[in-house]
1. Filter the stretch 19-47 down to the residues that are small (Gly, Ala, Ser) and surrounded by 15 or more Cβ atoms within 10 Å (Cβ to Cβ) and list them by number.
2. Hey, Val36 hits all of (1) modelled with pLDDT of 95 or more; (2) closer than 26 Å to Arg155 by Cβ but one; which does it fall short on?
3. Here are some conditions: (1) modelled with pLDDT under 95; (2) under 19 Å from the mean Cα position of the chain (by Cα). Gly163 meets all but one. Which one does it not meet?
4. For the stretch 154-166, which residues satisfy the criterion of being within 22 Å of Thr221 (Cβ to Cβ), of a type in the set (A, V, I, L, M, F, W, C) and in contact with a helix residue (DSSP H, G or I) (Cβ under 8 Å, 6 or more places away or on another chain)?
5. If we keep just the residues of the stretch 134-160 that are assigned to a loop (DSSP other than H, G, I, E, B) and modelled with pLDDT of 90 or more, which is surrounded by the fewest Cβ atoms within 10 Å (Cβ to Cβ)?
6. Across the stretch 1-41, which residue is nearest to Asp251 (Cα to Cα) among those that are in contact with a strand residue (DSSP E or B) (Cβ under 7 Å, 6 or more places away or on another chain) and among the small types (Gly, Ala, Ser)?
7. Against the condition crowded, with 18+ Cβ neighbours inside 10 Å, modelled with pLDDT under 95, touching a strand residue (DSSP E or B) at 6+ places or on another chain (Cβ under 9 Å) and not charged (D, E, K, R), how does Val235 come out, does it pass?
8. Looking only at helices (runs of 4 or more DSSP H) that fall completely inside the stretch 1-94, which ones have 1 or more residues that are under 19 Å from the mean Cα position of the chain (by Cα)?
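The values are calculated or read from the model by the stated rules, or taken from the named source; none is laboratory data. Computed from a predicted structure; not experimentally measured. Cβ sites come from the backbone with ideal geometry, for glycine too, and all protein chains shown count toward neighbours.
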Amino acid sequence: MRRILILGGTAEARALAAELAPDPRLRVVSSLAGRVSRPRLPVGEVREGGFGGPDGLAAWLVRERVDRLVDATHPFAERMTASAVVAGAATGVPLLVLRRPGWREGPGDAWQRTGSLQAAAALLAGGRWPAARRAERAGPPDAAGGCRVFLTTGRRSLPLFTGVPGAWLLARSVDPPEPPVPPNVHVLLDRGPYTVAGELALIREHRLDVLVTKDSGGPMTTAKLVAAREAGLPVIMVDRPPLPAGARLVDTVAAAVSWVQG
C-alpha cells in the first residue's frame, strides 16, 4: 500500500483527498496546520497540528513510511512549502506542489500589484490610489479624511495596516484577530464562497475606497474582484511568494491525482 501525505487546508487539498481516498492501493493522510478554529475537514484520515519545522516533518515521513508528499497548502503558506521541500530532499520522498492558478487582471480592472504585504501597506500610506475614489464617493467625508479599506489579507496581517495614517479598515477573516482591535478597524467574521451582490452591498454600505487582497486564486473569493470592478474600486494585489528552487508544480487536482497514482 502506497502511503500519501497531503499538506492541506485548501479546497484543492480536499478535492485531492476525495479523489484518492477510495483507491484501495493508497493510504491517504491529510495534514491540517490547525490555524483555523473550525476547518473544513477532508474525507479520510486527518492529522491536525504542526510538525515542528522541516526536521519534524522529515522524521514523520520516515516514521510513517510515506511514499509521496503533496503540498496543497495555501499559496501564501511560504514556511510550510519551504519545510516540505527541505524534508522531501532530506528523506528522498517525492514532493509535488499543487497550486491553483493565480488571478489575472481583466478589462475594467484597476490593479496595482505589490510584492509583499508591507509594500501594500506602504502604498496605502502614500494615499495615491484612494484619492480619486474619495473625491467621487457619495456621502459626507470621514472625520480623519483618510481612505476606507476593504482588507481581505487575513487576520495575521492586520497589524501591518492598522498604522496607516487616516485609514479605516473593514477587515474580513474566518477567525477573529488577536485583541486589542484598534478603533479604526471593523472586523467582519465570514467564510467564502461569496457572491458579487453581497460584496457590492459591503462596498456600498461601508463606502469603501480600495480593496487590498492577496493573489490566492480560485473561484471561492473572486466575487470581491468582480464587485470591485463594477463599483470602480482600485485593487492592491499582493503577489504570491516564489516557490523554492526544485519544487515540482501542478495547478490542477487531476494532474496531482495522476502523479500520485502513477
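1. Selection gives Ala21, Ser30, Ser31, Ala33, Gly44.
2. So Val36 meets the others, but not (1).
3. (2)
4. Within the stretch 154-166, Leu160, Phe161 meet the criteria.
5. Gly154
6. First, pick out the residues of the stretch 1-41 that are in contact with a strand residue (DSSP E or B) (Cβ under 7 Å, 6 or more places away or on another chain): 1-9, 12-13, 16-17, 20-21, 25-32, 34, 39.
From the residues that got through so far, the ones that are among the small types (Gly, Ala, Ser) too are 8-9, 13, 17, 21, 30-31, 34.
Details: Gly8: 15, Gly9: 16, Ala13: 12, Ala17: 15, Ala21: 20, Ser30: 18, Ser31: 20, Gly34: 24 Å.
So, considering only residues that are in contact with a strand residue (DSSP E or B) (Cβ under 7 Å, 6 or more places away or on another chain) and among the small types (Gly, Ala, Ser), the one nearest to Asp251 (Cα to Cα) is Ala13.
7. Details: crowded, with 18+ Cβ neighbours inside 10 Å: yes; modelled with pLDDT under 95: no; touching a strand residue (DSSP E or B) at 6+ places or on another chain (Cβ under 9 Å): yes; not charged (D, E, K, R): yes.
Considered against the rule, which asks whether it is crowded, with 18+ Cβ neighbours inside 10 Å, modelled with pLDDT under 95, touching a strand residue (DSSP E or B) at 6+ places or on another chain (Cβ under 9 Å) and not charged (D, E, K, R), Val235 comes out as no.
8. 11-20, 78-91
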